[in-house]
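Asks: This is the structure I have questions about; it appears just below.
The values are calculated or read from the model by the stated rules, or taken from the named source; none is laboratory data. Quick caveat, the model's predicted, so the values are computed rather than measured. Note that each Cβ is placed from the backbone with ideal geometry, even for glycine, and that neighbours are counted across all protein chains shown.
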Amino acid sequence: MESLILRGGHLLDPSQGIDEQVDVVIENGKVTDITPPGRKARGREVNVEGMFVAPGLVDIHVHLREPGYEYKETIETGANAAVAGGFTSIVAMPNTDPPPDTAAAVLGFAARARNAACRVYTVGTITQGRQGQELSEMADLVAAGVVGFSDDGAPVSNSRVLLNAMEYTRPLEKAILSHCEVPELSEGGQMHEGRVSSELGIAGMPPIAESLGISRDIALAGYSGARLHICHVSAAGSVDVIRSAKMAGNARITAETAPHYLALTDEAVRTFDSNAKMNPPLRTRQDQEALKKALQDGTIDVIATDHAPHSHEEKQVEFDAAPFGIIGLETSLGVCWTELVKTGVLTPMQLIGKMSTNPAQVCGLPAGTLKPGVAADVVVIDPDMRWVVAEPFRSRSQNSPFIGCELQGRAILTIVGGTVRYAAGTLVR
């Protein structure tokens, strides 16, 4: 394995508090030194002056669709999309067929992911078959390698079952990654419930369906002492609930939002484009501003893509009939740089915290840092590159609402374990 010296880049590493121009030395797949620019070192030199160098991005909310729905995405194509977007570690959600509810299923997934372009982890199901009734054998799943638990888009409605799950996961020190929703309130909804849904005549999903679900899960987590990670927060009311819980001292709660909630609102549905349909739905400008404030003050810890591929045939139907979800691995960095960094909502250092260091900590991954001695998982970002989102994507699916949008900021080099996996727009295998 060749040695690399990344020369003259501006390192952003929240784990070490480094926010300055340095050289990063990589040998035998690991970071071996961080030095002032220009110090002599042996290896192939890569000039990254004017660029940001950071720990590889970490996405803890990805739908890879394998096994069962490989026509939408595979581990291989999802990982290729990930490295093209600057991600070196991704965590797969369990809405597959079969789901990872047994140790054998988890080990099988790990075997298929072994040769992927980036590091691929999985969460295990909370309940068997994601049916919300009988708990999975959680200790066995942890022994097989899961990094958390979720029933993903099937919220565990039975509070007794969820409390039991939290009590089991507490000593395992794995988080429950919860899709918080009260289905009775959102059932049949296709978009955010509000003025736009009324004008379009589309059934709405009220934000209280999310915030009420979050309130219940926080209460159960506080009672049980479990770690709770709240997925894809979209509404201002939800932000208020999470902020209050954190201010009350519940330090075992973390929360994420997704790039599309920061860039788009329910106004995008006016064209009836099914690529503006996801769950939770796009909400209002007021909700969007609340999310940005929550990122600033630490109420929301993580930005995750909720990458949800669907085939062209599935999405190119009437809006009500289309499935929820969009892809995001290849666009999320550009969207966030454009919407958050260029507008001054977050500093570059803060964004890397939300997209690398913090998500790694939520799932206990060996990532999100470039401390000497760790695996060299690195992204190099051109902060000034302007680019227009266009097909084809490296994902097997193309369901993005950002096609045709101009973004600023892009990953130009992705290194996994000291090996270049993506460079100058090209996958490297």
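Asks: Testing K72 on (1) surrounded by 21 or more Cβ atoms within 10 Å (Cβ to Cβ); (2) free of Cβ contacts under 8 Å to residues at least 40 places away in the same chain; (3) not hydroxyl-bearing (S, T, Y), one condition comes back false. Which one is that?
Replies: (2)
Asks: Suppose we keep only residues that are among the small types (G, A, S) and outside any helix (DSSP H, G or I) within segment 158-186. Which one would you say is nearest to T284 (Cα to Cα)?
Replies: S178
Asks: Of all residues being more than 20 Å from the chain's Cα centre (by Cα) and under 18 Å from H310 (Cα atoms) in segment 270-290, which is surrounded by the most Cβ atoms within 10 Å (Cβ to Cβ)? Just the residue, please.
Replies: This residue is S274.
Asks: Examine segment 148-156 for a residue that is touching a residue at least 12 places away in the same chain (Cβ under 8 Å), farther than 27 Å from A268 by Cβ and in a helix (DSSP H, G or I), and state whether such a residue exists.
Replies: Within segment 148-156 (the criterion being touching a residue at least 12 places away in the same chain (Cβ under 8 Å), farther than 27 Å from A268 by Cβ and in a helix (DSSP H, G or I)), the answer is no, since none of the residues qualifies.
Asks: What is the residue count in segment 84-114 for residues that are of a type outside the set (D, E, K, R), farther than 30 Å from W387 by Cα and either part of a loop (DSSP other than H, G, I, E, B) or not assigned by TED's automatic domain parsing to the domain that holds L329 (or both)?
Replies: Total meeting the criteria: 7.
Asks: Suppose the filter is assigned to a loop (DSSP other than H, G, I, E, B) and either within 30 Å of A111 (Cα to Cα) or outside the structural domain of S274 (by TED's automatic domain parsing) (or both); does A139 pass it?
Replies: Answer is no for this residue.
Asks: Does segment 328-343 contain any residue that is within 14 Å of V53 (Cα to Cα) and surrounded by 18 or more Cβ atoms within 10 Å (Cβ to Cβ)?
Replies: yes
Asks: Residue under question is L329, and the condition is that it be within 18 Å of V83 (Cα to Cα), in contact with a Ser or Thr (Cβ under 7 Å, 6 or more places away or on another chain) and not acidic (D, E); does it hold?
Replies: So L329 passes the test.
Asks: If only one of D97, D152 is of a type in the set (D, E, K, R) and either farther than 21 Å from V302 by Cβ or modelled with pLDDT of 95 or more (or both), which one is it?
Replies: Only one candidate passes the filter, namely D97.
Asks: Which of the residues belonging to segment 210-268 are touching a Ser or Thr at 6+ places or on another chain (Cβ under 8 Å) and β-branched (V, I, T)?
Replies: I214, I230, V233, V239, V241, I242, T257, T265
Asks: Only one of S311, S274 is within 20 Å of F402 (Cα to Cα) and either of a type in the set (F, W, Y) or in contact with a helix residue (DSSP H, G or I) (Cβ under 7 Å, 6 or more places away or on another chain) (or both); which?
Replies: Criteria check complete, one pass: S274.
Asks: Part of a helix (DSSP H, G or I) and in the same structural domain as S89 (by TED's automatic domain parsing): which single residue out of L329, L346, L340 fits that description?
Replies: After applying the criteria, what remains is L340.
Asks: Being more than 24 Å from P348 (Cβ to Cβ), part of a strand (DSSP E or B) and not hydrophobic (A, V, I, L, M, F, W, C) is the filter here, so list the residues in segment 409-429 that pass it.
Replies: Scanning segment 409-429 gives T419, T426.
Asks: Kindly provide the set of residues from segment 204-219 that are in contact (Cβ under 8 Å) with a residue 40 or more places away in the chain and assigned to a loop (DSSP other than H, G, I, E, B), ordered by number.
Replies: P207
Asks: Might you check whether a residue that is in contact with a helix residue (DSSP H, G or I) (Cβ under 6 Å, 6 or more places away or on another chain), modelled with pLDDT of 95 or more and crowded, with 21+ Cβ neighbours inside 10 Å occurs anywhere in segment 318-327?
Replies: There is at least one residue in segment 318-327 that is in contact with a helix residue (DSSP H, G or I) (Cβ under 6 Å, 6 or more places away or on another chain), modelled with pLDDT of 95 or more and crowded, with 21+ Cβ neighbours inside 10 Å.
Asks: Would you mind finding the one in V161, V182, V147, V123 that is hydrophobic (A, V, I, L, M, F, W, C), surrounded by 16 or more Cβ atoms within 10 Å (Cβ to Cβ), at pLDDT 95 or above and touching a helix residue (DSSP H, G or I) at 6+ places or on another chain (Cβ under 6 Å)?
Replies: One residue alone meets the criteria, V182.
Asks: A further question follows. Regarding P366, is this residue assigned to a loop (DSSP other than H, G, I, E, B), out of contact with any Asp or Glu (no Cβ under 8 Å at 6 or more places or on another chain) and either within 30 Å of I5 (Cα to Cα) or not polar (S, T, N, Q) (or both)?
Replies: Yes, satisfied.
Asks: For segment 268-285, give me each residue that is assigned to a loop (DSSP other than H, G, I, E, B) and within 22 Å of I208 (Cβ to Cβ).
Replies: K277, M278, N279, P280, P281, L282, R283, T284
Asks: Is one or more of the residues making up segment 387-402 of a type in the set (S, T, Y), assigned to a strand (DSSP E or B) and touching a residue at least 12 places away in the same chain (Cβ under 8 Å)?
Replies: Among the residues of segment 387-402, not one is of a type in the set (S, T, Y), assigned to a strand (DSSP E or B) and touching a residue at least 12 places away in the same chain (Cβ under 8 Å), which makes the answer no.
Asks: What is the number of the single condition among (1) under 21 Å from A322 (Cα atoms); (2) under 21 Å from the mean Cα position of the chain (by Cα) that C231 does not meet?
Replies: The one condition C231 does not meet is (1).
Asks: Which residue, of G222, G189, is assigned to a loop (DSSP other than H, G, I, E, B), in contact (Cβ under 8 Å) with a residue 24 or more places away in the chain and over 20 Å from G124 (Cβ atoms)?
Replies: G189
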